[in-house]
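Take a look at the structure below.
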Amino acid sequence: MLPDAAAAKARIAIFISGGGTNMAALLYASRLSDCPYEIALVASNRPDAAGLTLAEAEGIATFSHPHLGMERADHDAVMEHAARDAGAEYIVLAGYMRILSEEFVTRWAGRIVNIHPSLLPKYKGLDTHARAIAAGDSHGGATVHLVTPELDSGAILQQLKVAILPGDTAHALAERVKLAEHQLYPRALASYLSRGSDPEWLLEQVRRRAMALPEVEERPSHGAPGWRVGGKSGKYFAYFSDRHHGEEAIALLVKTSGVDEMTSLVESDPASFYRPAFYGASGWVGLVLNRRELDWAQVDYWLERSWRAVAPKRLTRLIDVAKEF
Ligand code: GAR
């Protein structure tokens with residue numbers, strides 16, 4: 001009935017510069033059942049990267065373009081073009097030894113991921129293993145993180161620690177960290193790409209937005225998280241519904257102007273709206289959250305509209321005044 005974010009696989013382009021063992025780990029994981037991504041392209045700045053040969057042999061489209069003699073942003077644009085042509089929605093860096101231009105990273109914000117061989121924020125940049133050993137650390141490790149213009153500084157998705165042994169060399173530690181990376185990367189990427197169908201993540205996003213409206217308190221109602229405004233006897237303007245009453249949707253329930261509007265929303269856009277059990281009778285609508293291409297601006301719009309419908313005048317005036325500035 002309703003589309004689920006998990007139904008279609010995310011298409012990823014993997015960028016490599018070398019051996020591509022992390023790429024291989026991602027590739028084989030993508031062939032296991034239930035993996036939420038598929039590999040649209042493996043691309044490299046080095047035409048002789050060993051990982052390209054492997055990807056080709058496994059039937060994956062490949063692309064390469066040397067960076068020598070090119071401006072950074074121009075080379076990034078060539079790589080980006082290849083990724084877009086292949087239909088990639090995410091870029092996954094796996095030993096891609098190039099710093100990316102700010103424009104490129106900004107265009108892919110939230111859709112570009114990297115693996116780094118240290119426990120960030122420790123040891124950004126190069127020679128991570130030697131630096132961890134020299135510092136006398138008990139552990140090295142690996143971090144999967146979002147990429148932002150500042151090197152190795154984006155939000156951390158997941159980390160895995162690797163014990164440093166007595167007499168360890170940087171080379172020996174690097175080899176063991178790679179074993180850990182091969183476990184970590186497919187899993188961290190899969191859970192990031194599946195967040196749109198994870199009720200906990202969705203609730204967190206809704207909660208942050210609902211609580212940002214004036215004088216809102218969260219209070220469960222019939223076991224579901226709900227938000228109300230106007231103090232102790234305040235009225236509810238939103239509920240979070242995690243597949244209640246046998247419904248497939250994880251949804252935000254909000255107030256429309258009445259049953260007519262709710263019905264016309266459901267008829268005109270059944271992928272986004274549905275008539276919720278019980279609440280539908282009084283003009284509430286279900287806004288489906290677990291769908292691809294969910295637009296959070298639409299969630300913000302409905303939260304505010306619903307909040308306005310029940311908030312005391314003194315508060316709606318407050319928000320109107322704030323918007324004038
Ligand atoms: C991996 O250890 C990865 O974490 C590291 O390069 C190696 C690539 O190995 N990446 C970086 O240092 C990025 N700054 P692979 O080609 O065998 O996957």
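If you count Lys pairs in the chain whose Cα atoms are under 16 Å apart, skipping same-chain pairs closer than 8 places in sequence, the total is 6. Shape summary: the stretch 116-221 maps onto an equivalent ellipsoid whose semi-axes, from the alpha-carbon gyration tensor, are 36, 15, 12 Å in decreasing order. Rg and Dmax over the alpha-carbon atoms of the stretch 1-76 stand at 14.6, 53 Å. For Leu289, the residues whose modelled amide H falls within less than 5 Å of its own, excluding neighbours fewer than 5 places apart on the same chain, are Ile250, Ala251, Leu252. Ranked by the mean number of other Cβ atoms within 10 Å per residue, highest first, peptides 254-262, 29-37 order as 254-262, 29-37.
Shown here are the Rg and Dmax of the Cα trace of the stretch 227-316, at 12.9, 39 Å. Cα centroids of the stretch 157-195 and the stretch 245-311: how far apart, whole angstrom? Cα centroid to Cα centroid, the span is 42 Å. Volume per residue for the stretch 4-126 equals 121 cubic angstrom (convex hull of Cα atoms). Helix content alone sets the calculated 222 nm mean residue ellipticity of the chain: runs of n ≥ 4 DSSP H residues at -39500 (n - 2.57) each, divided across all residues, give -11500 deg cm²/dmol.
With K and R counted +1 and D and E -1, the other residues having a Cβ less than 13 Å from that of Gly20 yield a net charge of -2. Scoring 298-309, 110-121 by mean Cβ neighbours within 10 Å over their residues and listing the highest first yields 110-121, 298-309.
Two tests apply to each whole DSSP H helix in the chain, Cα reach of 24 Å or more along its axis and mean Kyte-Doolittle hydropathy of at least 0.5, and none passes both. Of the solvent-accessible surface of the chain, computed with a 1.4 Å probe and all protein chains present, 55% belongs to carbon and sulfur.
Computed over protein heavy atoms with a 1.4 Å probe, the accessible surface of the chain works out to 49 Å² per residue. All alpha carbon pair distances within the stretch 180-296 were sorted into 5 Å bins beginning at 0; the resulting P(r) in whole percents reads 2, 11, 19, 21, 18, 13, 6, 4, 3, 2, 1, 0.
Evaluate the relative contact order of the chain (contact order divided by residue number), counting alpha-carbon pairs under 8 angstrom at least 6 apart; express in whole percent. It rounds to 14 percent for the chain.
Plainly put, the chain has a radius of gyration that is 1.07 times its Kirkwood radius, both from alpha-carbon atoms, as the Rg/Rh ratio. In terms of the mean number of neighbouring beta-carbon atoms within 10 Å, the peptides 280-286, 151-157, 83-89, 133-139 order highest first as 280-286, 83-89, 151-157, 133-139.
The values are calculated or read from the model by the stated rules, or taken from the named source; none is laboratory data. Given the structure is predicted, the values throughout are model-derived calculations rather than measurements. Neighbour counts are summed over all protein chains in view; Cβ atoms, including those assigned to glycine, are modelled from backbone coordinates with ideal geometry. Areas reflect the complete protein model, heavy atoms only, side chains present, ligands, DNA and RNA absent. Shrake-Rupley method; radii C 1.70, N 1.55, O 1.52, S 1.80 Å.
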